[in-house]
Structure formats: structure tokens, C-alpha cells
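The values are calculated or read from the model by the stated rules, or taken from the named source; none is laboratory data. Because the structure is predicted, anything quoted here is derived from the model rather than measured. Note: ideal-geometry Cβ built from the backbone for every residue, glycine included; neighbour counts use all protein chains shown.
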Amino acid sequence: MIRSLGADLIGISPELPDNTLTMAEKHAIPIDILSDVISEVLKKYRLWFAVPAEVKALYLEKFGLNLEKYNGAGRWELPVPATYVLDRSGIVRAGEADPDYTVRMEPSDIVAAIRAIVGVCG
Amino acid sequence: MGLRDQLAQFDASRNRPPEIVAILKRGNESVRASGVAGLQIGEHAPDFALPNQRGEMVRLSDRLSRGPVVLSFYRGVW
């Protein structure tokens with residue numbers, strides 16, 4: 001739906017590029033998945049944070065999750081999950097950011113924002 | 001059902017112990033309190049160039065020259 005309206009969808013995470021995928025699998029992914037391995041863009045967009053000590057301990061001890069495995073050595077850092085809809089001049093026309101990763105922008109709101117930009121009714 | 005409701009339903013179905021839920025909640029609140037709030041509506045999104053999954057550089061301004069762009073910042077695949 002996003003693409004049929006002439007918009008592009010780009011994913012950004014702090015993770016190292018995924019080495020478990022074959023090149024064919026990488027070509028099969030229809031959107032760009034970008035790796036911000038020095039958290040440069042996360043910081044520019046004011047979404048960067050260091051995982052709080054208590055949460056880090058929980059991930060390690062209870063979830064068996066070591067973020068360094070995905071992000072690289074010493075990188076206990078993440079973005080606040082966020083979605084932004086940009087018009088062609090790069091202005092944020094709609095968006096949401098929430099540290100609670102279970103709260104995400106509604107896909108219907110994303111589509112509505114794109115429709116408003118490209119001037120499609122309905 | 002919207003995505004938000006689906007996610008809430010999934011989260012509830014995990015039946016996490018209250019002490020774990022409390023730690024995650026405190027974590028979210030501390031991040032919120034630190035003022036990490038992202039871009040505001042109407043603000044100009046900073047340009048950037050980052051490698052995609054195939055190692056090709058993707059520049060935001062190049063993509064914007066073709067049409068609107070939806071940026072999705074996510075934590076990871078884990």
C-alpha cells in the first residue's frame with residue numbers, strides 16, 4: 001500500500017548487518033533495512049538511548065539476551081521505536097515515537113499521511 | 001483490529017511476571033523522562049547515508065527526490 005502510493009519504506013536499526021542471510025535472501029527483502037552501527041542517525045533523530053542498568057540485567061539474566069551479539073561490543077544502546085512520514089522536501093508530516101515497543105504507529109495512519117502528501121482522496 | 005490492539009493483545013498473552021513488567025515499565029519511563037522524544041511534526045528530517053542489507057549505501061535525500069519516505073526505527077530482530 002505504501003509503495004503503491006509512490007512512497008518508500010526504510011527500516012533503520014542499530015544492529016550489525018545480518019550475516020545469517022544469504023545474498024538471495026537479502027535480495028528478496030523488498031525494503032531497505034539500514035544498519036546504523038555507530039548510532040549516528042539514531043542520535044541525529046534524537047531517538048538514541050543507553051539501555052537502563054536494570055533493564056540490561058533483566059535482558060541478560062532472565063531473557064538470555066545479550067544485545068552485544070546483535071549490535072557489537074559495548075553497544076547496549078537502542079532507538080526509541082519510531083515511525084516518521086516525510087514529504088518530498090523532508091518535512092515530518094506525521095510520526096510517533098514511544099519507548100514502549102508495543103506501542104507503534106497505526107499502519108492506517110501511515111497510509112493516511114502518505115495520501116495527504118500525494119493528494120490522493122479516500 | 002488495529003496494530004496497536006493486536007500488539008496489546010500479544011503483550012498480555014505473554015503473562016509475564018509482575019516484577020518483570022515493572023522493570024520494563026520503569027525502563028520506559030526513565031527513557032521518557034530523559035527527554036529522548038525524536039523529531040517533531042513539521043521539523044526537517046536530517047539527511048543521512050547508511051548501508052542496507054546488501055551493503056549498498058542508501059541516502060535519504062536520494063529517496064526523497066523520488067517521493068515520500070516512511071522511516072521506521074526499530075530495535076532489532078531479536
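Here are a few things to note about the model shown:
- Residue satisfying all of: in segment A:2-27; charged (D, E, K, R), facing another protein chain (nearest Cβ under 7 Å) and farther than 12 Å from A:Leu78 by Cα; surrounded by the most Cβ atoms within 10 Å (Cβ to Cβ) among these: A:Asp8
- Some residue of segment A:7-27 being modelled with pLDDT of 90 or more, among the aliphatic types (A, V, I, L, M) and more than 16 Å from B:Phe73 (Cα to Cα): yes
- Evaluated against (1) out of contact with any Pro (no Cβ under 6 Å at 6 or more places or on another chain); (2) touching a residue at least 24 places away in the same chain (Cβ under 8 Å); (3) crowded, with 18+ Cβ neighbours inside 10 Å, A:Asp36 falls short on exactly one condition, (1).
- Restricting segment A:50-83 to residues that are touching a Ser or Thr at 6+ places or on another chain (Cβ under 8 Å) and either among the acidic types (Asp, Glu) or facing chain B (nearest Cβ under 7 Å) (or both), the residue that is nearest to B:Val70 (Cα to Cα): A:Thr83
- When segment A:95-113 is filtered for residues that are facing chain B (nearest Cβ under 7 Å), farther than 16 Å from A:Arg46 by Cα and crowded, with 19+ Cβ neighbours inside 10 Å, the ones remaining, listed by number, are A:Arg104, A:Ile110.
- Looking only at segment A:28-40, and only at residues there that are within 7 Å of chain B (Cβ to nearest Cβ) and more than 13 Å from A:Glu77 (Cα to Cα), the one that is modelled with the lowest pLDDT: A:Ile29
- Filter pass, A:Leu78 being within 30 Å of B:Val21 (Cα to Cα), under 13 Å from the mean Cα position of the chain (by Cα) and crowded, with 19+ Cβ neighbours inside 10 Å: yes
- Hey, B:Asp11 touching a Gly at 6+ places or on another chain (Cβ under 8 Å) and among the acidic types (Asp, Glu) or not: no
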